[in-house]
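Here the structure is laid out as C-alpha cells; the discussion comes afterwards.
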Amino acid sequence: VHWYLYVLTDWLGLLPVGICLGLAGLGLVQSIRRRSLRKVDLNLLALGGFYLLVMGAYLFFEKHVVNYRPVLIAQKLEVSYPSSTTLLVLCVMPTTMLQVHRRMQHRLLRRVLQTIIVLFMLFMLFVPFKFSVDTSTTTFV
C-alpha cells in the first residue's frame, strides 16, 4: 500500500465534510438574518435534506458492512464499499459545483473553482485504485 497516498486521500476526505458544514453555516446565517427558516433559500434546505440522507447512508454502511479491502490496513480488515470517502465525494462535490455555479457571479473564478472541484473528484476517485499490493503473484490494483 502506498501509505502517503492512503494518508493523503484520508485527510482530503475531510474536505467534503467541511463543505457540508460551510453550506449548513450559510443556511444558518440566512435563517438568523431573515429571522425565519422559511425564508432560507429553498436550494439550501433541499441540500441540507440531501446531506442528511447521505449521512444516513454513511452510517448504515458503517454498521452493515458490504465489503472489505483486499489488504490489511494496520493489521485489520477495513471497510471498502461503499467507501465513506467515495460516498462523500460523489454526493457532496457535484452539489458544491451547483452551489458555486448558482452563487458565484465572477465567471472566471467560478470556472476555476469548478475545474478544481472536478480535478479533486477525479483524484479522490481514481488515485486510491492505484494502491497496489504484491501478494506473491497477484497484484491488486
Could you tell me how many of the residues in region 75-96 are among the hydroxyl-bearing types (Ser, Thr, Tyr) and in a helix (DSSP H, G or I)? 5
Name the pairs: first residue in region 44-59 and more than 15 Å from PRO16 (Cβ to Cβ), second residue open to solvent by 70 Å² or more (accessible area, probe 1.4 Å), Cβ to Cβ under 8 Å, at least 6 apart or on different chains? LEU45/LEU37
Per-region count, region 27-72, residues in a strand (DSSP E or B) and touching a Phe, Trp or Tyr at 6+ places or on another chain (Cβ under 9 Å): 5
Could you check region 11-36 and list, in sequence order, the residues that are under 19 Å from MET124 (Cβ atoms), surrounded by 14 or more Cβ atoms within 10 Å (Cβ to Cβ) and not β-branched (Val, Ile, Thr)? LEU12, GLY13, LEU15, PRO16, CYS20, LEU23
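A quick yes/no check of all residues on (1) part of a helix (DSSP H, G or I); (2) of a type in the set (A, V, I, L, M, F, W, C):
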residue: TYR6; (1), (2): yes, no
residue: TRP11; (1), (2): yes, yes
residue: LEU21; (1), (2): yes, yes
residue: GLY25; (1), (2): yes, no
residue: LEU98; (1), (2): yes, yes
residue: GLN105; (1), (2): no, no
residue: LEU109; (1), (2): yes, yes
State whether the residues of region 60-70 include one that is on the phi > 0 side of the Ramachandran plot and at pLDDT 80 or above. no
Looking at MET97, is it in contact with a Lys or Arg (Cβ under 6 Å, 6 or more places away or on another chain), of a type in the set (A, V, I, L, M), under 20 Å from GLY22 (Cα atoms) and open to solvent by less than 60 Å² (accessible area, probe 1.4 Å)? no
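The values are calculated or read from the model by the stated rules, or taken from the named source; none is laboratory data. Quick caveat, the model's predicted, so the values are computed rather than measured. All Cβ positions, even for glycine, are placed from backbone atoms using ideal geometry, and neighbour counts span all protein chains on display. With ligands, DNA and RNA removed, areas are computed over all heavy atoms of the protein, side chains included. Shrake-Rupley method; radii C 1.70, N 1.55, O 1.52, S 1.80 Å.
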